[in-house]
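Reviewing the structure listed below.
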Amino acid sequence: MIAKLLKNREILLVGAIAVLLALIALRFPAFVGPSNLARVYNDTSILIILALGQMAVILTRCIDLSMAANLALCGMVAAMLNAAFPGLSIPLIILASMALGTLLGMINGTLVWKLDIPPIVVTLGTLTIYRGLIFLLTDGKWINAHEMSDAFKALPRLDLAGVPVLSWLSLLMIAVMFLVMSRTPLGRAFYAVGGNPHAAIYTGIDVGRTRFFAYCLAGALAGLSGYLWVSRYAVAYVDIAAGFELDIIAACVIGGISIAGGIGSVAGAVLGALFLGVIKNALPVINISPFAQMAISGTVIIIAVAVNARAERRKGRVILKKAEAV
Amino acid sequence: MADAQLSPRNIPDRLEGRGARLMKSWEALLIVVATLIFLGNSLASPYFLDPWNLSDATFNFTEKAMIAFAMALVIISGEIDLSVASIIALASTAMGYAVQLGADTPALVAIGLGVGLLCGAVNGLLITGLGLPSIVVTIGTMSLFRGLSFIILGDQAFTGYPESFAWFGQGYVWWVFSFEFTLFVLLAVVYGVLLHKTNFGRVVYAIGNNQTAALFSGVRVARVKFTLFLLTGLMAGLASICLTSRLGSTRPSIALGWELEVVTMVVLGGVNILGGSGTIPGVVLAALIMGMVTFGFGLLNVPGIVMSIFIGLLLISVIALPILWRRARRRLAH
């Protein structure tokens, strides 16, 4: 029983987060108070939303390195829309931001689907292109807090039943993604394509098309995060969320989503993001320089992938022995 | 892969001659592109065709190209190393730290190369020893290595490198030929011979094409891969020496984002990102093209980020165009 539980990746991760929190609580009990934990969750919301999109892409044996650039471009466009037409309703801006994100995701998806270009090359290219487009759009200028309308900035902080809208949105996305992954043909197709593309073809799944939709989904979530990021930090410029694509992938890897595709869950992606979020928020509390965060997340990624690889290796029947380290 | 779908009737009676194959090769296309860019630059700016300007221009690709040679071998073997830019940062930080303790130039060079090798060994051990996927491991070490520089440096910078150290990044061997450019040419020859003329090079291709088959033919797959990651680390250390010497200071954000440019250079050079094929002459041409584009745009006062859009478009289109071309030709043939 216990051995079985220990093999479950999500439970292992919950345990790891609990241990982490317990260690922090030994010195700083206030950190694990409900209000502070809610604050940590809220702070991690955007990473959670992005990790859910990246999860869909990684499940199909692809990768999206352009998510942070996509976020930045959508966020900038949302901010520009708001600055140009302060009367425009906020839900409309969010829709526009998500539509643009989906479009950018479609570009990635089309290149992967129709041209068979390796995903890492496609998104490496679009990563620089999307970020460059922000510069072309703005000439490198910033959009500052005073140029944004109050409603634009207030929405993520708005209090609904004691919880900010930002947290509600991420909870909603978790619920939606959970339903998509477990209850729709598309969600099952993501797993099928990543688990065994050849078998997926024989069951009538269009592998390329499935990947295309995974990129669209990631793009839409990046678009939503674009608005959330810009309104939350109340500033938009070329370099927002620069390098954040690695945090997103890190959250997925920590959450046990196999980079080889086919293995992973919504719970894993959320827990992986939360693990990073707890570390990020705990560092200033336990008086470690914020400069140490990068090295810590690097170490965590390596440990996580080593642990996951161990668990994966035992699974499945060995049909043809893979070339292993000699 | 795509060609395997051709019907048996399309198999030619005899293979094309060496000349015809060369004409149709990726390298021939790159030469055409490079010539066009060279001509375009010469016409667009009167300052382009000046030996000293051209010599200055080489600095924006030599350091990246050094790493690209080793990266080409890694990618041909079916792996990838995204941590190279972070190795540059960590090696540079170590050298800067040593300067504060009073190290002289030979010691600095040894430290730079040593840290590079050590980082390469860490990558290699994790990938071959534990059998982990290289893309995730090097994303991890990318954070780790640069994170260590951030811990050491924070928002500070190391300066005060000895005068003799400046020669690596600013010195000239003869006339307009800088030390860095000479090193680039030398390394191109060394890597060209290593990949195309030695047993080791054949083994790298064999692993990239079919790792299992290579293992069964008696290739020590893990040892070869470990060596490749060591080499990449060493090259990153070397690039770190050149870059640090050229800039004369170290910040933890040094060489930020270079891993993408190095990979772009390798892929643009015709190396298959999935492994198994690619050549060093291709990478050399890609380095020249990227260098000339950057320099030409610089002369025209185009901002750096716009150049990166162009590089991104170049990366996608050079891979997409041959695919579209092959597809169009097949449609015509039927």
Inset, instruction - For an R0 of 30 angstrom, estimate the FRET efficiency from the Cβ-Cβ distance between residue B:56 and residue A:145 and round to the nearest 0.05. - result: 0.10
Inset, instruction - Specify which residue in the list A:102, A:231, A:185 is farthest towards the positive end of the charge dipole of the protein assembly as shown, using unit charges on the beta carbon of Lys, Arg (+1) and Asp, Glu (-1), about the Cα centre. - result: A:185
Legend entry - trypsin sites (Lys or Arg not before Pro) restricted to region A:104-161 and DSSP loop, no more than 15 other C-beta within 10 Å: A:141
Legend entry - Cα-projected label distance for residue B:177 with residue A:186, points at 7 Å along beta-carbon direction, nm: 6.0 nm
Inset, instruction - Go through A:57, A:123, A:75 and say which Cα lies farthest out towards the positive end of the charge dipole of region A:52-203; charges sit on Cβ, +1 for Lys and Arg, -1 for Asp and Glu. - result: A:57
Legend entry - For the protein assembly as shown, size of Cβ-based charge dipole, Lys and Arg +1, Asp and Glu -1, in debye: 2400 debye
Inset, instruction - Return a whole-number percent for the relative contact order of chain B, with Cα pairs under 8 Å and 6 or more residues apart as the contact set. - result: 32 percent
Inset, instruction - For residue A:30 and residue A:176, compute 0.36 nm times the residue count separating them, minus their Cα-Cα distance, and round to one decimal in nm. - result: 49.3 nm
Legend entry - Nearest-0.05 FRET efficiency for residue A:288 and residue A:99, computed from C-beta distance (R0 45 Å): 0.65
Inset, instruction - Quick one: dipole size for chain B, taken about the Cα centre, charges +1 on Lys/Arg Cβ and -1 on Asp/Glu Cβ, in debye to the nearest 20. - result: 1400 debye
Inset, instruction - Compute the distance in nm between two label points, each set 7 Å from the Cα along the Cα-to-Cβ direction, one at residue A:163 and one at residue B:299. - result: 6.1 nm
Inset, instruction - Tell me the label-point distance for the pair residue A:14, residue B:333, using the 7 Å Cα-to-Cβ offset, in nm and rounded to one decimal. - result: 5.7 nm
Legend entry - residue A:261 long-range amide H proximity, modeled H, under 5 Å: A:61
Legend entry - Rounded if a/c under 1.5, otherwise prolate or oblate - region B:47-321, Cα gyration tensor axes: oblate
Legend entry - In degrees, nearest ten, helix B:134-153 long axis to first principal axis of chain B (Cα): 20 degrees
Inset, instruction - Can you figure out the FRET efficiency of residue B:197 with residue B:15, using R₀ = 25 Å and their beta-carbon distance, to the nearest 0.05? - result: 0.70
Inset, instruction - In whole Hz, with x marking every Gly and Pro, tabulate ³J(HN,Hα) for region A:151-160 from phi via Karplus 6.51 cos²θ - 1.76 cosθ + 1.60, θ = phi - 60°. - result: 4, 4, 7, 7, 3, x, 8, 3, 8, 10
Inset, instruction - Quick one: compute the contact order of chain A, relative version, from alpha carbon pairs under 8 angstrom and 6+ residues apart, as a percent. - result: 33 percent
Legend entry - Rule-of-thumb Rg ratio for the protein assembly as shown [Cα; 2.2 N^0.38 Å; N residues]: 0.97
Inset, instruction - Which order do the peptides B:240-246, B:37-43 take when ranked by the mean count of other beta-carbon atoms within 10 Å per residue, highest first? - result: B:240-246, B:37-43
Legend entry - Average beta-carbon neighbours from other chains, 10 Å sphere, peptide B:301-307: 3
Legend entry - Phi-based couplings in Hz for region B:22-37 (Karplus 6.51, -1.76, 1.60; Gly and Pro marked x): 4, 4, 8, 6, 4, 4, 4, 4, 5, 4, 4, 4, 4, 4, 4, 5
Legend entry - Dipole magnitude of region B:185-334 about its Cα centre (Cβ charges: Lys, Arg +1; Asp, Glu -1), debye to nearest 20: 560 debye
Inset, instruction - Specify the angular offset, from 0 to 90 degrees and rounded to the nearest 10, of the alpha carbon long axis of helix B:280-299 from the longest principal axis of the alpha carbons in chain B. - result: 60 degrees
Inset, instruction - Give the order of B:191, A:237, A:227, B:97 when sorted by the count of other beta carbons within 10 angstrom, beginning with the fewest. - result: B:97, A:237, B:191, A:227
Inset, instruction - Could you list B:83, B:149, B:253 in order of exposure, starting from the residue whose Cβ has the fewest other Cβ atoms within 10 Å? - result: B:253, B:149, B:83
Inset, instruction - Shielding by partners for B:263-270, please: the mean number of other protein chain Cβ atoms within 10 Å of each residue's Cβ. - result: 2
Legend entry - Prolate/oblate/rounded call for chain A, Cα gyration tensor, a/c under 1.5 rounded: oblate
Inset, instruction - Pop out the ³J(HN,Hα) list for region B:90-101 in order, Karplus 6.51 cos²θ - 1.76 cosθ + 1.60 with θ = phi - 60°, rounded to Hz; leave Gly and Pro as x. - result: 5, 5, 5, 4, 4, 5, x, 5, 5, 4, 4, 8
Inset, instruction - Can you tell me the 0 to 90 degree angle between the C-alpha axis of helix B:304-333 and the longest principal axis of chain B, rounded to 10? - result: 10 degrees
Legend entry - Averaged over A:286-295, number of beta-carbon atoms from partner chains that fall within 10 Å: 5
Inset, instruction - State the answer as a single residue: which of B:119, A:200, B:177 lies farthest towards the positive end of the charge dipole of the protein assembly as shown, with beta carbon charges of +1 for Lys and Arg and -1 for Asp and Glu, about the Cα centre. - result: A:200
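Readers should treat all values here as calculations from the given coordinates under stated rules, not as data from a laboratory. What you see is a predicted model; the values in this text were computed from it and never measured. In this analysis, Cβ positions are derived from the backbone assuming ideal geometry, glycine residues included, and neighbour counts consider all displayed protein chains.
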